[in-house]
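Reading through the structure tokens given below for one structure.
The values are calculated or read from the model by the stated rules, or taken from the named source; none is laboratory data. Remember, predicted model here, so these are calculated numbers, not experimental data. Heads up, the Cβs are rebuilt from the backbone with ideal geometry, glycines too, and the neighbour counts pull from every protein chain shown. Heads up: the accessible areas ignore ligands, DNA and RNA and are worked out on the full protein's heavy atoms, side chains in. Shrake-Rupley method; radii C 1.70, N 1.55, O 1.52, S 1.80 Å.
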Amino acid sequence: QVQLVESGGRLVQAGGSLRLTCAASGRTFSQYAMAWFRQAPGKEREFVAVIRYFDNTDYADSVKGRFTISRDNAKNTVYLQMNSLKPEDTAVYYCAGQLRMPYSPARFQSSTYDYWGQGTQVTISS
């Protein structure tokens, strides 16, 4: 029902900025909670940010104050603005979506999301 495609990942020096884009297809996009997760080599996939309704957002402590998630429902697009990047931000970043996400801690868990993009590589050099 929904296809997600991430783009924007590249090599950036520490302290730099980068914006990732997730383009979604399918109807009722505005009713989906959208999130960003990331996975570094040898590590589990971890929560980064989520945006629900009325622009309600949550962030992992590791990125709070540096990353901003936003969405444009008219364009079926989700963004992740990343500032003050650190080497530990290096990972494959995945866009995820879930219809009718309740306001619960489940929104922080990757297993909650039914739809995923293929990921985009972000590499931060020190």
Seminar exercise, completed: Selection over region 44-85 where residues are assigned to a loop (DSSP other than H, G, I, E, B), touching a residue at least 40 places away in the same chain (Cβ under 8 Å), open to solvent by 40 Å² or more (accessible area, probe 1.4 Å) and more than 18 Å from residue 112 (Cβ to Cβ) yields a count of 2
Exercise. Which one is nearest to residue 33 (Cα to Cα) among residues in region 91-106 that are part of a loop (DSSP other than H, G, I, E, B) and open to solvent by 40 Å² or more (accessible area, probe 1.4 Å)?
Worked result: 100
For this session: Given the conditions (1) touching a helix residue (DSSP H, G or I) at 6+ places or on another chain (Cβ under 6 Å); (2) closer than 15 Å to residue 22 by Cα; (3) open to solvent by 30 Å² or more (accessible area, probe 1.4 Å), report the number of the one that residue 126 does not fulfil.
Result: (2)
Problem set entry | Residues within region 18-43 that are of a type in the set (Lys, Arg) and part of a loop (DSSP other than H, G, I, E, B), tallied | 2
Exercise. Would you call residue 6 closer than 14 Å to residue 115 by Cα, acidic (Asp, Glu) and surrounded by 14 or more Cβ atoms within 10 Å (Cβ to Cβ)?
Worked result: yes
Exercise. In region 16-43, which residues are open to solvent by 10 Å² or more (accessible area, probe 1.4 Å), closer than 15 Å to residue 76 by Cβ and among the small types (Gly, Ala, Ser)?
Worked result: 23, 24, 25, 26, 30
Seminar exercise, completed: Going through region 23-42 in order, the residues found to be within 27 Å of residue 126 (Cβ to Cβ) and touching a strand residue (DSSP E or B) at 6+ places or on another chain (Cβ under 8 Å) are 36, 37, 38, 39, 40
Exercise. Can you pull out the residues in region 1-17 that are polar (S, T, N, Q) and either outside any strand (DSSP E or B) or within 20 Å of residue 91 (Cα to Cα) (or both)?
Worked result: 1, 7, 13, 17
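Residue by residue, here is whether (1) within 21 Å of residue 2 (Cα to Cα); (2) among the β-branched types (Val, Ile, Thr); (3) within 10 Å of the chain's Cα centre (by Cα) holds:
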residue: 31; (1), (2), (3): yes, no, no
residue: 56; (1), (2), (3): no, no, no
residue: 81; (1), (2), (3): no, no, yes
residue: 88; (1), (2), (3): no, no, no
residue: 93; (1), (2), (3): yes, no, yes
residue: 100; (1), (2), (3): yes, no, no
